[in-house]
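Below you'll find the structure, written out as structure tokens, and then a few comments.
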Amino acid sequence: MSTTTQGAQAAVAPGTGASEVDLVVVGAGLAGLVAAVRAAELGCRVALLEKGAGDEYPCNSRYSGGIFHVSYNDPKNDPQRLLDAMTEATAGYARDDLLKVFSQQAGASMDWLRTHGARFIRGAIDWHAWVLAPPRPPTTGLDWKGRGADALLRALTRLAIEHKVLRLTGVRVQSLHLHEGRVVGVRAQQEGQILDYHARAVVLADGGFQGDAELFRQHIGPCPERVVQRGAGTGTGDGLRMALAAGAAATRMDRFYGHVLSRDALTNDRLWPYPQIDALAAAGLVLNPDGRRVMDEGLGGVYVANHLATLDDPASCTVIADARIWDGPGKQAQIPPNPLLERVGGTLYRADSIAELARLAGIDRAALETTVADYNAALQSDSLAGLVPPRSTLKAKAWPIVQAPFYAIPICTGITHTMGGISVNGDAQALRPDGSPIAGLYAAGTTTGGLEGGDVAGYVGGLIKATVLGLRAAEHSSAQPRG
């Protein structure tokens, strides 16, 4: 018996114009291309449907920096070390089966990429052991054409064509076909024409929901228009909505991967996706316009970016630092704010006193002086946990703010991709609320949840997540009997 729900339709009977394939992959970013190529290698007839148009369709994978890591560790490290790193990064939030799969399959996934067109170099930072070549230049702004991530997507696209994957762009999938509780295909639209595909499985790999204002307000924060899209912004939650309509469960969806940016990034494209202000925010203080701390800076830049997004105005805070922070953490990133921030038009206030800094930055002088003094005293007496809010050193060292010149940087938050989404198991199968898999439905990449996020906004790595889950989805779905 067929069922119909919003976003999920009854199956179209064979012989009524539906195309017959073994696997439909929705989305042609890294996760989707990996799934499509791997399934085709295993003998499946694959349809790869991408809503973006042309050969250079925008997606987060194409815009990425091209660094593969597992919670800032080399994916080739010992599996136990990777497991420990992910567990610590997510503070125990991640599903055990996902942790197991990622710790055991991360290294093999790098081997698969290397034999399928990926070229890598080793960067200067320890966890930059696998950087796609040619690498992004150490400059601000968005520079992706011909760079490593773009080159990898093009290589995988060529392989998909060689394996006779039916690859269509400009196609937006609207709903899933269901038959007796099993996903058996999709309905899509291309230039006003309805396209139906029968398949024994569907992989949803269309990205997160960072580009959808309604879902952003529902799950993350009240003011998406004051948040910078650090990626392509093409993830609008289509796959998430379809999966929920088919009976899938959703994980916690209030966290995202993103970074702290100069507030001027709201109007100056040269200030996103780089330079990030994360290291300065985590080493110094993040203050509201009243001169008060509003979060635990020690949980790191991704957490700070998440907290900013929850505010009524995500672009209302200011980072306070001193000379040692500006010349230390401020210079340590691959594309550092010192000295690049000012070169491309970012606002930076300098002063020889906290009082003068308050005047320049438009912050209440007495409050700023008190906040800095209380913070320095707590740091010196090892009582940061007694501050309100408490200050930890879980992910970042706390630096004193004592050496002139002092600095103030107006900031905003930038979102790259959401961390929560469709609940999946270690085989990338979409799960019902009771934990049982939905037959024929898989999800990969940032449309999934259960690995990253949690209270500390723990990050594992978007590119490795796309690759491992893309491979798992292809291999598990390909092993299912045709019928």
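Which percent of the accessible heavy-atom area of the chain goes to carbon and sulfur, probe 1.4 angstrom?
49
May I ask you to derive the relative contact order of segment 201-296, considering only C-alpha pairs under 8 Å and at least 6 residues apart, and to give it as an integer percent?
22
May I ask for the Kirkwood hydrodynamic radius of segment 119-172, worked out over all distinct Cα pairs and given in angstroms to one decimal?
In segment 119-172 this quantity evaluates to 13.1 Å.
Using helices alone, I'd like the mean residue ellipticity at 222 nm for the chain: each DSSP H run of four-plus residues gives -39500 (n - 2.57), total over residue count, nearest 500.
After summing the helix terms and dividing by the residues of the chain, the value is -9000 deg cm²/dmol.
Given the pairs K331/K397; K100/K145; K100/K465; K76/K465; K51/K164, which span a C-alpha to C-alpha distance of over 24 angstrom in this model?
Over 24 Å Cα-Cα: K100/K145.
State to the nearest 20 debye the size of the charge dipole of segment 198-279 about its Cα centre, where the only charges are +1 on K and R beta carbons and -1 on D and E beta carbons.
160
What share of all Cα pairs of the chain, in percent, falls into each consecutive 20 Å distance bin?
Values per bin, smallest distances first: 25, 53, 20, 2.
With a cut-off of 8 Å between alpha carbons and a minimum separation of six or more residues, what is the relative contact order of the chain in percent?
So the answer I get is 23 percent.
Taking amide H atoms as placed 1.01 Å from N in the peptide plane, list the residues 5 or more away in sequence, or in a different chain, whose amide H sits under 5 Å from that of A439.
Those lying under 5 Å, H to H, from A439 are V183.
How large is ³J(HN,Hα), in whole Hz, for each residue of segment 256-268 in order, when computed from phi with the Karplus curve 6.51 cos²θ - 1.76 cosθ + 1.60 and θ = phi - 60°, using x for Gly and Pro?
Coupling constants for segment 256-268: 8, 8, x, 9, 7, 10, 4, 4, 5, 5, 5, 10, 10 Hz.
If you average over every viewing direction, what projected area does the convex hull of the Cα atoms of segment 222-288 give, in nm²?
Here the figure is 6.2 nm², rounded to one decimal.
Where only protein heavy atoms count, and the probe is 1.4 Å, what is the accessible area per residue for segment 361-466 in Å²?
That works out to 33 Å² for each residue.
What is the set of long-range amide H partners of Q174 at a cut-off below 5 Å, with H atoms built 1.01 Å from backbone N?
R187, A188, Q189
I'd like to compare 111-122, 426-437: which one has the highest average count of other Cβ atoms within 10 Å, and what's the full order after that?
Put in order of decreasing packing, that is 426-437, 111-122.
Compute the FRET efficiency between R359 and V388 as 1/(1 + (r/R0)^6), taking r as their Cβ-Cβ distance and R0 = 30 Å, and round to the nearest 0.05.
After rounding to 0.05, the efficiency reads 0.75.
List the residues, sorted by chain then number, that are 5 or more residues from M419 or on another chain and whose placed amide H is less than 5 Å from its amide H.
HN-HN under 5 Å from M419: R255, F256, Y257.
How large is the translational diffusion coefficient of segment 326-405 in µm² per second when you combine the Kirkwood radius over alpha carbon pairs with Stokes-Einstein at 25 °C and 0.890 mPa s?
Using the Kirkwood radius from Cα pairs, D works out to 171 µm²/s.
Apply the Karplus parameterisation 6.51 cos²θ - 1.76 cosθ + 1.60, with θ equal to phi minus 60°, to every residue of segment 300-317 and state each ³J(HN,Hα) to the nearest whole Hz, in sequence, with x for glycine and proline.
x, x, 5, 5, 4, 4, 5, 5, 4, 5, 7, 6, 4, 10, x, 10, 9, 9
Round to a whole angstrom and tell me the spacing of the C-alpha centers of segment 254-277 and segment 300-345.
With segment 254-277 and segment 300-345 each reduced to a Cα centre, they are spaced 9 Å.
Any idea of the accessible area per residue across segment 87-146, 1.4 Å probe, to the nearest Å²?
50
Measuring with a 1.4 Å probe in the full set of protein chains, what accessible area per residue, in whole Å², belongs to segment 168-235?
38
Return the tail of the calculated pair distribution for segment 275-400, meaning the percent of Cα-Cα pairs more than 18 Å apart.
Tail of the P(r) past 18 Å holds 51 percent of the pairs.
Could you give each residue of segment 471-476 its phi-based ³J(HN,Hα) in whole Hz, using Karplus coefficients 6.51, -1.76, 1.60 with θ = phi - 60°, and x for Gly or Pro?
Computed from phi, the couplings for segment 471-476 are 5, 4, 4, 5, 6, 5 Hz.
Quick one: if you stick a label point 7 Å off each Cα along the C-beta vector at K164 and R343, how many nm between them?
5.2
In segment 126-193, which GluC sites (Glu not before Pro) fall in coil by DSSP and have 10 or fewer other Cβ atoms within 10 Å?
Hits after loop and neighbour filter: E180, E191.
The values are calculated or read from the model by the stated rules, or taken from the named source; none is laboratory data. Keep in mind it's a predicted model, so treat the numbers as computed, not measured. Counting neighbours? That spans all protein chains shown, and the Cβs are built from the backbone with ideal geometry, glycine included. What goes into the accessible areas is simple: the full protein's heavy atoms, side chains included, and nothing from ligands, DNA or RNA. Shrake-Rupley method; radii C 1.70, N 1.55, O 1.52, S 1.80 Å.
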